[in-house]
Amino acid sequence: MPRPQTKAEIYEAIAFERANLIEALEELTDEQMELPGACGEWSVKDILSHLVDWEQRGLRWYRAGLRGEVPKTPDENYNWRQLPALNQSIYERYKDISMAEVRQNFKASFEEMMSAIDGMTEEELFTPKKYEWTGNSLLRDYVNANTAAHYRWASSLINKFHRSLAASQGQ
């Protein structure tokens, strides 16, 4: 899917990818979602926590920008070349929370993200350097990366994991 060029296209991309993600999740039981192997050692539950963390991270960056601050991205302790280490730290932080809590966080974070996007203007989303923290990227790129593009990544992994489970069970 090409990068959205309007706020309406952002909504469309998010809705499409989120629906695919939900469909992939509906193919699995909670027990299957807790099995390792969906992404290396990660379970589907861990992937969902990863998505929540990145949605919340994006929201923190955006809110800091609204206050005129320049947050360190992607994290205070990691740079963009250290994403594998950052993602591992996210996994470590959330791996022991319950499936029920992950589901609650997954729903609440998405609602919070959509509420924030509702309040964003076309100018904010598509004006280069509108916020210093976005550097040469548009806010749209950060929104897309932390929503639609990330949902697409997760759906792909989850569908592949589901196929591997079915194959191992002879289905």
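Write down the Kirkwood hydrodynamic radius of the chain, to one decimal in angstroms, obtained as one divided by the mean of 1/r over all alpha carbon pairs. Show your work: numbers first, answer last.
Numbers: mean 1/r = 0.0593 Å⁻¹.
Final number for the Kirkwood radius of the chain is 16.9 Å.
Scaled to the compact-protein estimate 2.2 N^0.38 Å, what is the alpha-carbon radius of gyration of segment 6-98, rounded to two decimal places?
Cα Rg divided by the expected 2.2 N^0.38 Å: 1.26.
How much area per residue is accessible in the chain when the probe is 1.4 Å and only protein heavy atoms are counted (Å²)?
It amounts to 53 Å² per residue over the chain.
In cubic angstrom, how much convex hull volume per residue do the alpha carbon atoms of segment 72-154 span?
Measuring per residue, one finds 112 Å³ for the Cα hull of segment 72-154.
Identify, among A24, Y151, S43, the residue whose Cα sits farthest towards the positive end of the charge dipole of the chain, taking +1 on the Cβ of Lys and Arg and -1 on the Cβ of Asp and Glu, with the dipole about the Cα centre.
Y151
About the Cα centre of the chain, what is the dipole size in debye to 20, counting +1 per Lys and Arg Cβ and -1 per Asp and Glu Cβ, all else neutral?
The calculated dipole for the chain is roughly 460 debye.
Which net charge results when you count Lys and Arg as +1 and Asp and Glu as -1 among the other residues whose beta-carbon is under 15 Å from that of Y78? Please report the intermediate quantities before stating the final value.
Details: positive: R57, R60, K72, R81, R93; negative: D53, D75, E76, E92.
Result for the local shell: +1.
Using alpha carbons only, how many degrees (0 to 90, rounded to 10) separate the axis of helix 44-66 from the longest principal axis of the chain?
10
Starting with the highest mean, order 146-153, 6-13, 78-85 by the number of other Cβ atoms within 10 Å, averaged over the residues of each peptide.
146-153, 6-13, 78-85
On C-alpha positions alone, give me the angle between the axis of helix 148-168 and the longest principal axis of the chain, in degrees, nearest 10.
So the inclination is approximately 10 degrees.
Subtract the Cα-Cα distance of A8 and S168 from 0.36 nm times their separation in residues, and report this length gain in nm to one decimal.
Full extension from A8 to S168 adds 53.4 nm.
Express the carbon and sulfur contribution to the solvent-accessible surface of the chain as a percent, rounded to the nearest whole number, probe 1.4 angstrom.
Carbon-and-sulfur percentage of accessible area, whole number: 51.
Quick one: dipole size for segment 98-171, taken about the Cα centre, charges +1 on Lys/Arg Cβ and -1 on Asp/Glu Cβ, in debye to the nearest 20.
Values: 8 positive and 9 negative charges, 110 e Å.
So the dipole magnitude of segment 98-171 works out to roughly 520 debye.
Between the alpha-carbon centers of segment 138-152 and segment 115-129, tell me the distance in whole angstrom.
For segment 138-152 versus segment 115-129, the Cα centre distance is 13 Å.
Taking the 0 to 90 degree range and rounding to the nearest ten, how far is the long axis of helix 83-94 tilted relative to the main principal axis of the chain, both from C-alpha atoms?
So the helix axis and the longest Cα principal axis differ by about 60 degrees.
Hey, got the Cα dimensions of segment 33-80 along the principal axes, in Å, largest first?
Answer, in whole Å and largest first: 42, 18, 10 Å.
Please list 3J(HN,Hα) in residue order for segment 7-12, calculated via the Karplus relation 6.51 cos²θ - 1.76 cosθ + 1.60 where θ = phi - 60°; whole Hz, with x for glycine and proline.
4, 4, 5, 4, 4, 4
The values are calculated or read from the model by the stated rules, or taken from the named source; none is laboratory data. Just so it is clear, the structure is predicted and the values come from calculations on it, not from any experiment. No Cβ is skipped: glycine too gets one built from the backbone with ideal geometry, and neighbour counts run over all protein chains shown. What goes into the accessible areas is simple: the full protein's heavy atoms, side chains included, and nothing from ligands, DNA or RNA. Shrake-Rupley method; radii C 1.70, N 1.55, O 1.52, S 1.80 Å.
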